[in-house]
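K.L.:
Before anything else, here's the structure in question.
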Amino acid sequence: MAELFLFSIAESLITKLASHAFQEASRVVGLYDHLRDLKKTLSLVKAVLLDAEQKQEHNHELQEWLRQLKSVFYDAQNVLDEFECQTLRKQLLKAHGTIKDEVSHFFSSSNPLVFRSKMAQQIKDVSKRLDKVAADRHKFGLRIIDVDTRVVHSRDTSRMTHSRVSDSDVIGREHDKEKIIELLMQQNPNDDDKSLSVIPIVGIGGLGKTTLAKFVFNDKRIDKCFSLKIWVCVSDDFDINKLIIKIINSANVADAPLPQQNLNLVDLEQLQNRLRNILAGQKFLLVLDDVWNDDRVKWVELRNLIQEGVAAGSKILVTTRIDSIASMMGTVTSHKLQSLSQDNSLSLFVKWAFKEGEEEKHPHLVNIGKEILNKCKGVPLAVRTLGSLLFSKFEAKEWEYVRDNEIWNLPQKKDHILPSLKLSYDFLPSYLRQCFALFSLYPKDYKFHSFEISRLWGALGVLASPRKNETPEDVVKQYLVELLSRSFLQDFIDGGTFYQFKIHDLVHDLAVFVTKEECLLINSHIQNIPENIWHLSFAEYNFIGNSFTSKSVAVRTIMFPNGAEGANVEALLNTCVSKFKLLRVLDLSDSTCKTLSRSIGKLKHLRYFSIQNNRNIKRLPNSICKIQNLQFLNVLGCKELEALPKGLRKLISLRSLDISTKQPVLPYSEITNLISLAQLSIGSSHNMESIFGGVKFPALKTLYVGDCHSLKSLPLDVTNFPELETLFVQDCVNLDLELWKDDHEEQNLNGLPQLVKLKYVVFRGLPQLVALPQWLQETANFLQTLGIKNCDNLEMLPEWLSTMTNLKVLLIFDCPKLISLPDNIHHLTALEHLHIRGCPELCKKCQPHVGEFWSKISHIKHVFIEEPEKLEEEEDE
């Protein structure tokens with residue numbers, strides 16, 4: 001439901017209007033009063049938006065009000081964008097303009113007098129519309145909620161859980177059950193230890209956490225082990241008083257239960273005394289099911305009340321979807337629930353789709369059912385949802401309909417999978433909702449890289465403004481870690497300064513479900529494009545023919561996540577310029593066009609443009625440098641590109657530049673004017689022998705240099721790269737990383753620190769590398785990840801490697817001449833991941849328990865050493 005993004009949109013508009021830079025600029029052009037009034041109305045509306053979003057589900061009039069508000073908000077975004085464009089033009093004219101430019105500016109529509117008149121009218125129109133819509137807010141009795149702490153809908157009583165379950169209903173969880181029971185029956189380290197053990201079960205919605213807890217709760221061994229068993233469904237309301245009453249009522253005692261409605265009549269001290277009397281001396285098991293509270297103060301208060309005077313060996317079993325809550329409450333490592341196997345999924349599906357034994361009469365339906373299970377990815381609630389949809393239906397076409405349709409298009413009841421998963425979405429703070437929804441633009445099973453998702457989020461303006469000493473990349477990291485904690489991400493790889501991850505297919509279904517009014521991934525099933533769509537993603541280029549029958553002019557994103565090879569880019573670009581004037585993201589990676597139209601310079605709102613890996617294009621139009629809003633420009637892998645466009649210095653908003661060129665020398669006078677440049681990639685530039693010598697990049701944090709065959713030296717030092725954190729050097733066959741050591745040593749004598757902020761370094765495909773460069777030693781206090789790959793002539797690792805006190809990840813791949821590790825590698829106490837493969841002698845010496853180096857590395861938490869048998873197989877091949 002796209003309306004749920006309104007709070008964060010309002011917040012971003014107000015933040016922009018309140019910024020010092022915006023207010024100063026508005027004073028200069030005489031629009032301060034107009035924008036101040038707009039901000040005031042926005043603030044009034046924002047105050048009731050959270051309550052409106054929660055109440056809209058069953059109120060169609062309120063839904064329509066929110067839709068009208070969304071339309072006005074987006075128009076306000078466009079007006080403020082236009083204002084920013086003019087401000088950037090003015091900055092550019094001041095910094096790099098000529099007399100000719102100033103004259104041209106005076107006679108254009110950007111003339112300050114013309115611009116002020118035009119903007120004043122647009123702001124007036126938006127304000128008038130907003131005032132009119134805002135006045136209707138009083139009709140709905142909305143409460144003022146200023147801060148999004150993630151207030152959530154009250155839970156439907158149908159979601160409240162109980163402790164009963166039939167063993168025959170639980171399939172594929174016997175191993176999990178035994179592990180949990182083993183933890184519950186373990187004695188505390190000291191027999192007289194009165195501290196509570198807390199065991200968390202964690203997983204995404206629908207995996208069966210509650211079912212597993214019930215399975216354990218009702219086991220006879222638990223009855224014998226605990227004198228008292230208590231089951232409490234916590235849900236979203238972690239009110240201490242209410243929880244005490246739930247615990248008292250759940251306890252198997254003769255006292256009459258305390259009605260919840262009489263809560264206010266019961267003295268808190270009496271409640272606590274009654275709880276103590278019930279638990280005193282008892283060895284109990286307390287299940288706290290479905291916990292969402294992340295307030296540690298509340299948890300500690302409840303825990304202290306519960307554990308007072310209890311018998312040794314008492315335990316608490318917690319179920320939650322959120323890792324951080326499990327970590328906060330748990331005293332042992334969380335039990336992370338995994339998906340069901342294919343066989344167990346089929347058994348569960350058959351149980352819900354047929355009466356007992358009935359499936360034997362319909363083997364053709366069972367075969368279709370096996371295909372249907374591909375949608376479920378082993379999530380029991382999804383299996384049950386689709387199985388129950390087909391109960392007592394024996395027509396193949398009905399089963400094929402379920403097989404051939406996406407889950408979000410199928411009927412959904414309150415206890416089905418999407419409503420269950422959507423509950424997790426409802427608990428997301430508003431700033432994460434838009435970010436999560438944009439995952440729907442990528443195909444299922446897509447491998448995400450933080451670099452690309454950071455660019456998309458940044459270009460579409462859904463990231464919060466970084467705080468002092470923070471970067472947008474820091475904000476992205478915070479968002480991803482939070483989404484991971486809430487079980488939205490999986491297969492997460494932390495590379496120190498970048499991240500890789502996937503999302504579960506059902507989580508992808510959820511993203512599509514909540515954003516289907518704005519985002520559309522186009523494939524062969526899509527026949528029409530709704531006119532209100534803002535973000536278009538083409539699963540394959542040949543689906544592009546359908547897209548422009550849409551009446552929409554509001555499109556902000558066009559992308560090809562699987563590549564645009566074969567797409568008619570020239571026609572697409574003409575459509576963008578003539579129709580999609582508000583475009584923010586245009587990703588044409590892997591396209592094959594030979595030219596780009598000069599008209600691309602008219603896309604003044606564009607933030608992200610990529611034509612990566614286009615093997616045909618030779619020139620880029622200089623007009624691309626007129627797009628002052630552009631933050632991300634990617635022409636990496638364009639191997640035929642003869643030169644970069646003239647005027648790069650005009651791209652004053654540029655944060656990321658990825659380039660390939662046949663030029664022997666980069667246009668440094670242009671690039672060094674890009675004062676916001678944080679990421680630079682140079683690849684497939686075969687005519688360059690040296691880069692950077694003495695050129696300063698004050699804000700650069702990430703540098704990639706790859707596939708530059710003529711490159712001989714790469715001079716890097718802290719004077720010119722004071723903020724560099726990530727260095728990736730790959731496939732530069734003539735590069736000697738020590739060639740600049742004389743200058744480097746001279747600087748060292750002067751007491752200059754060298755590249756001290758480097759956290760992530762990868763050397764790959766460097767045949768000149770015989771030993772690690774000496775200057776790497778000076779990163780000892782910061783380096784977290786070191787990767788050495790395909791370096792055929794690397795013979796040794798230096799003893800100073802053991803001084804890398806913060807090194808967490810060490811990867812050594814395909815370095816056949818490397819036969820030993822530093823003697824003091826056991827000093828790397830922070831090292832958590834060591835992965836060695838493709839190094840025959842070294843792998844043999846590092847084999848677990850038997851290799852001569854094993855004692856040096858056995859302390860490392862995760863060690864992956866390729867087995868000798870696999871090495872021999874590869875050699876035989």
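K.L.:
Averaging sequence separations of C-alpha pairs under 8 Å and six or more residues apart, then dividing by the length of segment 6-139, give the relative contact order as a whole percent.
P.N.:
Numbers: 75 pairs, mean separation 49.8, N = 134.
Worked out over segment 6-139, it gives 37 percent.
K.L.:
Could you sort the peptides 115-123, 679-687, 602-610 by per-residue average Cβ neighbour count (10 Å cutoff), highest mean leading?
P.N.:
602-610, 679-687, 115-123
K.L.:
Go ahead and collect, in residue order, the members of segment 844-858 whose backbone nitrogen is under 16 Å from a label point 7 Å along the Cα-Cβ direction of S820.
P.N.:
844-846, 852-857
K.L.:
Can you give me the C-alpha center-to-center distance between segment 797-857 and segment 16-79, rounded to a whole angstrom?
P.N.:
When both Cα centres are located, 57 Å separates them.
K.L.:
Of the accessible area of segment 173-336, with the probe set at 1.4 angstrom, what percent is carbon plus sulfur?
P.N.:
Here carbon and sulfur together make up 46 percent of the probe-accessible area.
K.L.:
What number, in percent, do you get for the relative contact order of the chain if the mean sequence gap of Cα pairs under 8 Å and at least 6 apart is divided by its residue count?
P.N.:
About 6 percent, as a whole number.
K.L.:
Using DSSP, restrict attention to beta bridges with both residues in the chain and report what percent are antiparallel, rounded to the nearest 5.
P.N.:
Details: 5 of 83 bridges.
Expressed as a percentage, antiparallel bridges in the chain total about 5.
K.L.:
How much length would be gained if the chain were fully extended between N616 and N781, taking 0.36 nm per residue of separation minus their Cα-Cα distance, in nm to one decimal?
P.N.:
In short, 54.9 nm is gained.
K.L.:
Provide the FRET efficiency to the nearest 0.05 for the Q768-F813 pair, computing r from the beta carbons and using R0 = 22 Å.
P.N.:
Computed FRET efficiency for Q768 and F813: 0.80.
K.L.:
Using a 10 Å cut-off on Cβ atoms, rank the peptides 790-796, 497-503 from the highest mean neighbour count down.
P.N.:
Packing order, densest peptide first, comes out as 497-503, 790-796.
K.L.:
Now for a separate question. So if each residue of separation counts as 0.36 nm, and I subtract the Cα-Cα distance between S676 and H175, what length gain in nm does that give?
P.N.:
That works out to 175.0 nm of additional length.
K.L.:
Considering all alpha-carbon pairs of the chain, what whole percent are spaced by more than 45 angstrom?
P.N.:
39 percent
K.L.:
Among the complete DSSP H segments of the chain, which ones combine at least 27 Å of alpha-carbon extent along their axis with a mean Kyte-Doolittle hydropathy of -0.5 or more? All intermediate terms of the calculation are to be shown ahead of the outcome.
P.N.:
Values: long enough: 32-55 (35 Å, -0.37); 60-96 (53 Å, -0.71); 112-135 (33 Å, -0.29).
Counting only whole DSSP H runs, the qualifying helices are 32-55, 112-135.
K.L.:
May I ask you to give the percent of accessible area on segment 757-868 that is carbon plus sulfur, with a probe radius of 1.4 Å?
P.N.:
Looking at segment 757-868 in its full context, I get 49 percent from C and S.
K.L.:
Report, to the nearest whole %, how much of the accessible area of segment 6-139 belongs to carbon and sulfur atoms, 1.4 Å probe, protein only.
P.N.:
54 percent
K.L.:
Hey, if you drop one equal point scatterer on each alpha-carbon of segment 582-627 and run the Debye formula without solvent, what base-10 log of I(q)/I(0) do you get at q = 0.14, 0.16, 0.31 Å⁻¹?
P.N.:
-0.31, -0.41, -1.23
K.L.:
Hey, another quick one. With N set to the residue count of segment 6-139, report its C-alpha Rg divided by 2.2 N^0.38 Å to two decimal places.
P.N.:
Compactness ratio reported: 1.23.
K.L.:
Something else: Students often check this: by mean Cβ neighbours within 10 Å, which of 662-670, 346-354 ranks highest, and how do the rest follow?
P.N.:
346-354, 662-670
K.L.:
Moving to a separate point now. Could you tell me the largest-minus-smallest coordinate of the C-alpha atoms of segment 758-871 on each of the three principal axes, in descending order and whole angstroms?
P.N.:
Largest first, segment 758-871 extends 37, 31, 19 Å along its Cα principal axes.
K.L.:
Another one. Distance check, please: which entries in K214/K298; K604/K808; K90/K579 exceed 32 angstrom between their Cα atoms?
P.N.:
Those over the limit are K604/K808.
K.L.:
Here is a further query. Just the accessible area per residue of the chain, please: how many Å² with a 1.4 Å probe?
P.N.:
On the way: 39120 Å² over 877 residues.
Result: 45 Å² of accessible area for each residue.
K.L.:
Is any residue of segment 759-791 close enough, with backbone N under 11 Å, to a label point placed 7 angstrom from the Cα of H862 along the Cα-Cβ axis, and if so, which?
P.N.:
Those under the cut-off are none; the list is empty.
K.L.:
Further, regarding this structure: Kindly provide the GluC sites (Glu not before Pro) of segment 325-359 that DSSP labels as loop, not H, G, I, E or B, and whose Cβ sees at most 15 other Cβ atoms within 10 Å.
P.N.:
E356
K.L.:
Now a separate question. How far apart, in nanometres, would the label points at S388 and A18 be if each is projected 7 angstrom from Cα along the Cα-to-Cβ direction?
P.N.:
Computed distance between label sites S388 and A18 equals 4.5 nm.
K.L.:
Checking a compactness column here: for segment 420-526, what do you get for Rg(Cα) / (2.2 N^0.38 Å), N being the number of residues?
P.N.:
1.04
K.L.:
Of the cross-linked pairs K602/K650; K444/K789; K602/K696; K94/K646; K177/K220; K502/K856, which ones have a Cα-Cα span greater than 23 Å in the structure shown?
P.N.:
K444/K789; K602/K696; K502/K856
The values are calculated or read from the model by the stated rules, or taken from the named source; none is laboratory data. This structure is a prediction, so every number in the text was calculated from the model and none was measured. Because the Cβ atoms are built from the backbone with ideal geometry, glycine has one as well, and the counts that use them run over all protein chains shown. For the accessible areas, the whole protein counts, side chains as well, though only heavy atoms, and no ligand, DNA or RNA atoms are used. Shrake-Rupley method; radii C 1.70, N 1.55, O 1.52, S 1.80 Å.
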